[in-house]
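Visitor: Could you have a look at this structure, given as C-alpha cells, before my questions?
The values are calculated or read from the model by the stated rules, or taken from the named source; none is laboratory data. Remember, it's a predicted structure, so these values are computed and weren't measured experimentally. Methodologically, a virtual Cβ is constructed for each residue, glycine included, from the backbone with ideal geometry; neighbour enumeration extends over all protein chains shown. These area figures cover heavy atoms from the full protein model, side chains too; ligands, DNA and RNA do not enter into them. Shrake-Rupley method; radii C 1.70, N 1.55, O 1.52, S 1.80 Å.
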Amino acid sequence: GLASSLLGHVLQLACETGMTDAYLEVRVSNAPALALYARFGFTCRGRRKAYYPDNREDALLLWRACGDKPAEIGE
C-alpha cells in the first residue's frame with residue numbers, strides 16, 4: 001500500500017512537471033518490487049551483470065514512458 005502510493009505520487013508529479021521517461025534499477029531477486037513496477041507499467045530494457053557488490057547479483061534496468069499508463073495512486 002505505502003510503496004504503491006508513494007510511487008504513484010512521485011510519477012504523477014514528475015509527469016506533471018515535464019518528465020517524459022522514468023528509469024530504475026532493481027535486483028533480479030526482488031520479486032515484490034518487480035511486481036510493483038510492472039503494475040505501474042515499467043518494462044525491462046536491460047540487465048547489468050554483477051551490479052550489486054555485496055553478492056554480485058544482476059540488476060534489471062526498467063523503463064516507463066510518462067504517458068504509457070496513469071500513475072496508480074492509492075493502490
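Visitor: Just for the range 34-51: of the residues that are touching a residue at least 24 places away in the same chain (Cβ under 8 Å) and under 27 Å from Gly1 (Cα atoms), which one is least open to solvent (accessible area, probe 1.4 Å)?
Guide: Of all residues in the range 34-51, those touching a residue at least 24 places away in the same chain (Cβ under 8 Å) come to 34, 36-37, 39-41, 51.
Going one step further and asking which of them are under 27 Å from Gly1 (Cα atoms), we end up with 34, 36-37, 39-41.
On the way: Leu34: 47, Leu36: 23, Tyr37: 47, Arg39: 96, Phe40: 0, Gly41: 22 Å².
So the residue we want is Phe40.
Visitor: Select from the range 10-20 the residues that are among the polar types (S, T, N, Q) and loosely packed, with under 13 Cβ neighbours inside 10 Å and write down the one among them that is farthest from Gly46 (Cα to Cα).
Guide: The residue in question is Thr17.
Visitor: Tell me which residues, restricted to the range 21-33, are exposed (fewer than 14 other Cβ atoms within 10 Å of the Cβ) and either free of Cβ contacts under 8 Å to residues at least 12 places away in the same chain or in a helix (DSSP H, G or I) (or both).
Guide: Those that are exposed (fewer than 14 other Cβ atoms within 10 Å of the Cβ) and either free of Cβ contacts under 8 Å to residues at least 12 places away in the same chain or in a helix (DSSP H, G or I) (or both): Ala31, Pro32.
Visitor: Moving on to the next point. Would you mind telling me which numbered condition in (1) surrounded by 12 or more Cβ atoms within 10 Å (Cβ to Cβ); (2) at pLDDT 95 or above Leu7 fails?
Guide: It fails just one condition, (2).
Visitor: Go through (1) surrounded by fewer than 14 Cβ atoms within 10 Å (Cβ to Cβ); (2) of a type outside the set (Gly, Ala, Ser); (3) in contact with an Asp or Glu (Cβ under 9 Å, 6 or more places away or on another chain); (4) part of a loop (DSSP other than H, G, I, E, B) and name the single condition Asp54 misses.
Guide: Every listed condition holds for Asp54 apart from (3).
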